[in-house]
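Below is one structure, written out as structure tokens; comments come after it.
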Amino acid sequence: MASSLRGEVIKLYKNLLYLGREYPKGADYFRSRLKAAFLKNKDETDPEKIKQLIARGEFVIKELEALYFLRKYRAMKQRYYSDDKP
């Protein structure tokens, strides 16, 4: 059981690292915060607690994706629509 959770944690870490490349404050800032968050919980052995932490990480992934989509939407809106009111 622990090995399957280990695989999930590694997958979560890799996904977050990938998403952190476009973080507004920079990839280095995101990477250091991500590493600190994972190291803080490295000694956790309770499978239920690990599953809760994985679920929290997946929530963070969804929030990051929403942040990136919103940023892209705003950029497209600025390109194609002017703020002038007729």
**Report entry** First in segment 49-76 and in a helix (DSSP H, G or I), second anywhere and surrounded by fewer than 10 Cβ atoms within 10 Å (Cβ to Cβ), Cβ under 6 Å, 6 or more apart
**Finding:** none
Requested in this report: Kindly indicate whether any position in segment 50-70 is at positive phi and surrounded by 10 or more Cβ atoms within 10 Å (Cβ to Cβ).
Outcome: no
Requested in this report: Could you please tell me which pairs satisfy a Cβ distance under 9 Å, a separation of 6+ or placement on different chains, a first residue in segment 2-17 that is small (Gly, Ala, Ser), and a second residue that is surrounded by 10 or more Cβ atoms within 10 Å (Cβ to Cβ)?
Outcome: Ala2/Pro47; Ala2/Ile50
Query raised in the report: So, of the residues in segment 26-43 that are part of a loop (DSSP other than H, G, I, E, B) and open to solvent by less than 70 Å² (accessible area, probe 1.4 Å), which turns out to be farthest from Leu12 (Cα to Cα)?
Result: Gly26
**Report entry** Checking Arg21 against (1) within 16 Å of Ser4 (Cα to Cα); (2) open to solvent by 80 Å² or more (accessible area, probe 1.4 Å), the condition it does not meet
**Finding:** (1)
Query raised in the report: Quick one: in segment 1-18, which of the residues that are of a type in the set (A, V, I, L, M) and open to solvent by 70 Å² or more (accessible area, probe 1.4 Å) is nearest to the chain's Cα centre (by Cα)?
Result: Ile10
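The values are calculated or read from the model by the stated rules, or taken from the named source; none is laboratory data. Every value quoted in this text rests on a predicted model; they were computed, and no experiment measured them. Here Cβ is always computed from backbone atoms with ideal geometry, including for glycine, and neighbour counts include all displayed protein chains. Heavy atoms of the whole protein, side chains included, go into the accessibility calculation; ligands, DNA and RNA do not. Shrake-Rupley method; radii C 1.70, N 1.55, O 1.52, S 1.80 Å.
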